[in-house]
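Rule-based calculations on the coordinates, nothing more; no lab input. The structure displayed is predicted, hence computed values, not measured ones. Note that each Cβ is placed from the backbone with ideal geometry, even for glycine, and that neighbours are counted across all protein chains shown.
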Amino acid sequence: MKNAIAHLTPEAIEKAFAGTNFGRTDFEVILAETVLERAAGYNPGHRATSIATRLGLLGDKTGNVTKAGHEWAMKIFYSHHKQSKQPYEQPEQEIFTCERCGRKTSHPEGWHYCGA
Ligand SMILES: [Zn+2]
């Protein structure tokens, strides 16, 4: 199966964004957002739109999301989704035991309805 986004290497993306200032550098996410906004019927910013068009994510004439655009949005969505699903360490919960009523609580500051 032909990969419609094979040309979207990190180098190619960085080159496409060269000289721009979006105030952020997660260019691949900016591209995915541009595609999704376009798909949802919004008009993303002109600069982002023209970059996405140049990279083949949006149709040159129609402005519609291309096959590559859809694939790109999926790829970014799933790669970030996976990242966020990675197990992370839960902060150790401090259990507070009330000296007066003996209740245990993990609320901050040992907050509880005191039964004493
Ligand atoms: Zn108590």
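Please list, by residue number, every one of the trypsin sites (Lys or Arg not before Pro) in the range 3-72 that is coil in DSSP and has at most 15 other beta-carbon atoms within 10 Å.
Values: sites: Lys15, Arg24, Arg38, Arg47, Arg54, Lys61, Lys67; in loops: Arg24, Lys61.
Passing both the DSSP loop test and the Cβ count: Arg24, Lys61.
Starting from the Cα of Thr105, step 7 Å along the direction of its Cβ; do the same at Tyr42; then give the gap between the two resulting points in nm. Reported label-point gap for Thr105 and Tyr42 is 4.1 nm.
Extension gain for the segment Ala116 to His7, taken as residue separation times 0.36 nm less the Cα-Cα distance, is 32.4 nm to one decimal. Let me check against my output: what whole-number percent is the relative contact order of the range 10-85, with C-alpha pairs under 8 Å and at least 6 apart? Value for the range 10-85: 26 percent. Working note: Karplus 6.51/-1.76/1.60 with θ = phi - 60° gives the range 107-116 the couplings 5, x, 6, x, 5, 6, 7, 6, x, 6 Hz, where Gly and Pro are set to x. Between the amide H of Val65 and those of Gly59, distances stay under 5 Å, these residues lying 5 or more places away or on another chain, with hydrogens modeled in the peptide plane. Around the amide H of Gly45, modelled in the peptide plane, lies no amide H under 5 Å away from a residue 5 or more places distant or on another chain. Per-residue 3J(HN,Hα) values for the range 97-102, derived from phi via the Karplus relation 6.51 cos²θ - 1.76 cosθ + 1.60 with θ = phi - 60°, read 10, 6, 6, 8, 10, x Hz in sequence order (x marks Gly and Pro).
Looking at the range 1-70, the chymotrypsin sites (Phe, Trp or Tyr not before Pro) that sit in a DSSP loop and have at most 13 other Cβ atoms within 10 Å of their own Cβ are Phe22, Tyr42. Based on the Kirkwood radius over alpha-carbon pairs, what is the Stokes-Einstein translational diffusion coefficient of the chain at 37 °C with 0.692 mPa s viscosity, in µm²/s? Taking Rh from Cα pairs, D becomes 188 µm²/s.
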